[in-house]
């Protein structure tokens, strides 16, 4: 009372005033364009589409799950008419059109969460302002597609897990394919043998 | 010479603002014009080397009296004079008579003084110290009387302002709530 | 805390003439709710609040639900003679439920730390018979929530002290939370149109072209 | 807890025929002209619309205030400037897609909003979040409470005219917690972190240690904050005895959260509903006695200290294990027909979600019980008879976020 | 040393000596005017930037640091922004009065600087009634504020103007009452004489008014009243942005707003300069050993220190409510200044003839002022017991 509280408060502000010159903890401001903090690994902004190798090999299969689940309904996909072989050698469609309206996108990450093909992932770019509020903020397939290497750079542990899984799948698929080929060959041999037998019988 | 020029400028200004204070329609403008006239007078006093009077004029008339006038104007709702109402009162003849009388009363001592004679300007600077000493010795009684009177007036004003509102005057805020549209009105509005 | 059944019988004992139904709840462990007829709602809720053993002094949530006329298809397995043989056949019976608007109140007791008791009131239909008694005189907490129900669902609360629109503006005509609400045609350019947005856009531009 | 007395008498409906209006002529400052025969007492009433673009309405909110001098004789809140009908959007979307929208309700505390919603859906479906997920939820929920209360005190002081110094200190600390949230969920404010039957992703390496450090440093900030504010004579005279809310009115008007507890009612859902794993932690519920602005301020400061104690316990005892119920389904969730009402003690009060399912992939009815809106029910009662300056701090002490009020 | 002290005086006389005799007096006036406008215009620019930087540091931010080195060119950027902004006059405004208000505020305040001695032999006019002149020209600011608020035709403006006027009138009383002991004991209204009365050193320490009990109390009372006079936090109610937007400035933009801004800061400078003159020995150095410092340097160091205190307070305290503000003036400051007057009288008479022991004089004075402070302070906020909070369960 009688002004002691105000004096105490003024001592406190004085401490912060001088503290901001000596202690990093009190002056936490980052001078943005000159200094930039590295984003956290989990940080997310807008979605991106991962491709392996070149742009022609998007992981996306235009299945439309993300389009359906997007809370803001900002994804627009048109399937291509021709199928391409994916990393496992299966024939899959690819998107002919893949648009994301980032003026609507709220960066929730649900698309990345529901994607069964590890294709759509969350980017970390944040300086997204453009001159044109319509076409500048409508990102097409070409803008969204990013190499797996880029994905590795921003989300190393996630990308490592996914790659490991995919390699495993690939190995399994190859093994399976080999097994299938072998089985086929065996079956062919068997059948040829059988037919030979039959021939024999017939003879 | 520059003193003369500025005197005339300020004299004209004082006259103009004084006229404006009488002639303008909006009472707040009148009050502001009066304040300007007071300020002009203060400058003229200053030119006459009456420093103390000049500053007192500024402090009391511009700083206090004009604010008081403005408050009075606003509080008494004097500011809404309807356009078309005659500014001049029908009793202008009485007013004229009073003006003539006042002019006469002032003119008599002025004319009988040595005003017209050309005398060498004497340094008549009244130092503040002198004024203070005079006030505290020769004019002590009038000063104290005036002080007492003003104090009485101040206390009286405070007492009047402090008067507790009577029971009937205490307003129930809820009784003054603006009427809300009734349910029926709203229903009628929203139902196609 | 008393079960909804007990509370039902308590109300029936203390508020003569009150017609009370229990509405079951399909969610696991969710309490059944009590449906009170609107004529006795005020008396029953006052009883709920003031009865010492119940003391529901806190109405946490009040909201509306729109139930337009619906056809409920029920599959029943019926034994029937088909081609002279008795067989179990799935038969679909259609049941029409009448349309109504409903308010739901979630009541708790702060003094006894019990709850929730789910209370329902239903209007006669979705048209003219959309009046319900306001529970604001019982619980002030319903004041803004009932205004919101009035605004978004169009239920008129009789006895509400200040029933005006709350979220939509005063000149607004419709009730947006009703199931048959049609959005006004104020289409804005959206670069990723699909589904109904695309339809809307096409309709809008066609309209603009004619104007 | 004591039993509560009778609820107060309601507002009487305004007597009809009491219409007054301000002078049409804009060139005058004459007060209302009177249409009634008797005439108003000789008072000038001034009608002022505080908001929607007023500096201290915490967003776009309007109060139609009628003033006698500077004294408030009538105050009607006007809402809806930020209304986007979240409930309708959620009813058109899937259950999962509603989660990111709940972030944007009370955009300061997205974690607790997520929590209340997923808890309701868990009630509807019967999913059981695993132990670790419950711990994570409690930790992020209490961190949210910490910075919400700190910011609220900052905003309150800003409304009192303290030029943002306390606000800046609060934001400095809040940034540390938001950093934790970003490294956990990927976003600072719009976390979108909780999922039905668990949480979206596990804690990153070293997160617990960082959180422990933040929690360990927080009391020092609180001490500084209190040294700056609590004894300040200006704050005392500004806030004590202002905006008094009685216990009875608070209960009847459904006021919840710190505001209710400042009025002296010990009702905290963490104790009453015993939801999640709160019964395992040791904490107390601070209670006010006067129900004025100062009590609301103090209750928040004291609650922050209790939150810190919960956080310490939770961070020390968090077990390893799965983070999502294996039975839980996120995408294409179709709960059985039924309804559930879930409520948690959000920083601003009781945040409730009421979800009705009809067996389809999107909720049939999706309702939010916004604490901010319902706490405003008593705004006029608290403000009558005070001045404009008090209205501003009373509104500040209610702690509203317009994203939640208007939804 | 003397050269450095009188450098500006010599420079002026050298310049005048280059001119024909006829215009010398006129040029002398013009030079004085230019000096005051240049110095305090710069002070205004510097204070805006330093205040923002200081407040920033108090709030743990950098403050403006983008324009020019360390952000020092920020005032220039602000000025350009202000001057190029659209000058909006509300449709219903009283245009003439709306236009005149910023002028009426700013012009008289410049006059106030003319009587203040900024250094040895460095005051523009040596007026006999300097203190009176200072307060007289300050009287116009109330009128200007009213003009601004009334002519804007905005409810916030009007409320702000009414608050401002009531506040200025209430705080002018303690402001003047706090100066009276100084005038009494130095026996003059002339500011140069007041500074002269504070010259001399005892035990190497200056004999300023602030080092006497009545001067010490008076200095703080004066500073508090000055804070309110210049609408600074915690008395910034007329433009309390969280309540009434910007008060009487709500409808002003561009250059007129800048003028108001300038006027407010000049008012602050003027009253600060006066407080330095009245209580802190004007341009005298605080210690005998520091007497080699130029007099104007000493003056501006004290001036800057007081401005820094104003900034510091602004960064710390919340705002008072209006009735509390008036109560504070009439129930606390005015009685205390009156008691202080009494203390000054006692101080004066105990020094005459009787020759009481110095410490006894201090004791008597303290015995008068401290109980009054406690009594009136308690009376301001009665019945405020410390609150104890309980916990449920």
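What follows is calculated from the coordinates using simple rules that are stated; it is not laboratory data. If you're wondering where the values come from, they're calculated on a predicted model, not measured in any experiment. Glycine gets a Cβ as well: all are built from the backbone with ideal geometry, and neighbour counts include every protein chain shown.
Worth pointing out:
- Report summary: the helix-based calculation at 222 nm, which adds -39500 (n - 2.57) for every DSSP H run with n ≥ 4 and divides by the residues of chain C, gives -7000 deg cm²/dmol.
- Sites residue E:205 and residue B:103, calculated FRET efficiency, Cβ-Cβ separation with R0 51 Å, nearest 0.05: 0.20
- Stokes-Einstein D in µm²/s, Kirkwood radius over Cα pairs - region A:1-160 at 20 °C with 1.002 mPa s viscosity: 115 µm²/s
- Separation in nanometres of the label points that stand 7 Å from Cα toward Cβ, at residue E:96 and residue B:53: 3.0 nm
- Here the sum of -39500 (n - 2.57) over DSSP H runs of 4 or more residues, divided by the residues of chain D, equals -13000 deg cm²/dmol at 222 nm, to the nearest 500.
- Neighbour counting of Cβ atoms within 10 Å sorts the residues D:115, E:330, fewest neighbours leading, into E:330, D:115.
- Overall form of region B:1-79: oblate. Here a/c, set by the Cα gyration tensor axes a ≥ b ≥ c, is 1.5 or more, and a/b is not larger than b/c.
- Of E:336, E:380, E:175, the one that fluctuates the most in a GNM where chain E has Cα springs shorter than 10 Å: E:380
- Computed P(r) (all Cα pairs; region C:23-123; 10 Å bins; percent): 13, 31, 24, 14, 11, 5, 1
- Taking the C-alpha atoms only, the angle from helix D:388-398 to the longest principal axis of chain D is near 20 degrees.
- Residues listed by number, region D:293-334, amide nitrogen under 11 Å from residue D:208 label point at 7 Å toward C-beta: D:314-321
- Gyration tensor verdict on region D:249-394 (Cα atoms; rounded if a/c is under 1.5, prolate if a/b is larger than b/c, oblate otherwise): oblate
- Theoretical FRET efficiency, 1/(1+(r/R0)^6), r = Cβ-Cβ of residue A:54 and residue D:360, R0 60 Å, to 0.05: 0.90
- Most mobile listed residue (C:124, C:154, C:30) in chain C, GNM with C-alpha springs under 10 Å: C:30
- The modelled label-to-label distance between residue D:230 and residue A:31, using points 7 Å beyond Cα along the C-beta direction, is 3.8 nm.
- Highest-MSF residue in chain D out of D:196, D:127, D:281 [GNM, Cα springs under 10 Å]: D:281
- Take every pair of alpha-carbon atoms less than 8 Å apart whose residues are at least six positions apart; their mean separation over the length of chain D yields a relative contact order of 24 percent.
- Note: relative contact order over region A:47-163, using C-alpha pairs below 8 Å and six or more positions apart, is 33 percent.
- Relative frequency of Cα-Cα separations exceeding 17 Å in region E:62-188, percent: 72 percent
- Proxy reagent accessibility, fewest Cβ within 10 Å first, across E:10, B:61: E:10, B:61
- Across chain A, the relative contact order, built from alpha-carbon pairs under 8 Å that are at least six residues apart, equals 21 percent.
- Axis angle, to the nearest 10 degrees, between helix D:293-317 and the longest C-alpha principal axis of chain D: 0 degrees.
- Modelled spin labels at residue C:14 and residue B:71, positioned 7 Å past Cα toward Cβ, are 6.0 nm from each other.
- Tensor-based shape of chain E (alpha-carbon gyration tensor, a/c under 1.5 rounded, otherwise prolate or oblate): oblate
- Cβ-Cβ FRET estimate between residue E:374 and residue E:62, R0 fixed at 35 Å, reported to 0.05: 0.25
- Degrees, to the nearest 10: D:110-125 long Cα axis against longest axis of chain D: 60 degrees
- Least to most buried among D:344, A:154 (fewest other Cβ within 10 Å first): A:154, D:344
- Taking the DSSP beta bridges with both ends in the protein assembly as shown, the antiparallel portion is around 90 percent.
- Dimensions (Å) - the protein assembly as shown, Cα atoms, principal axes, largest first: 163, 77, 74
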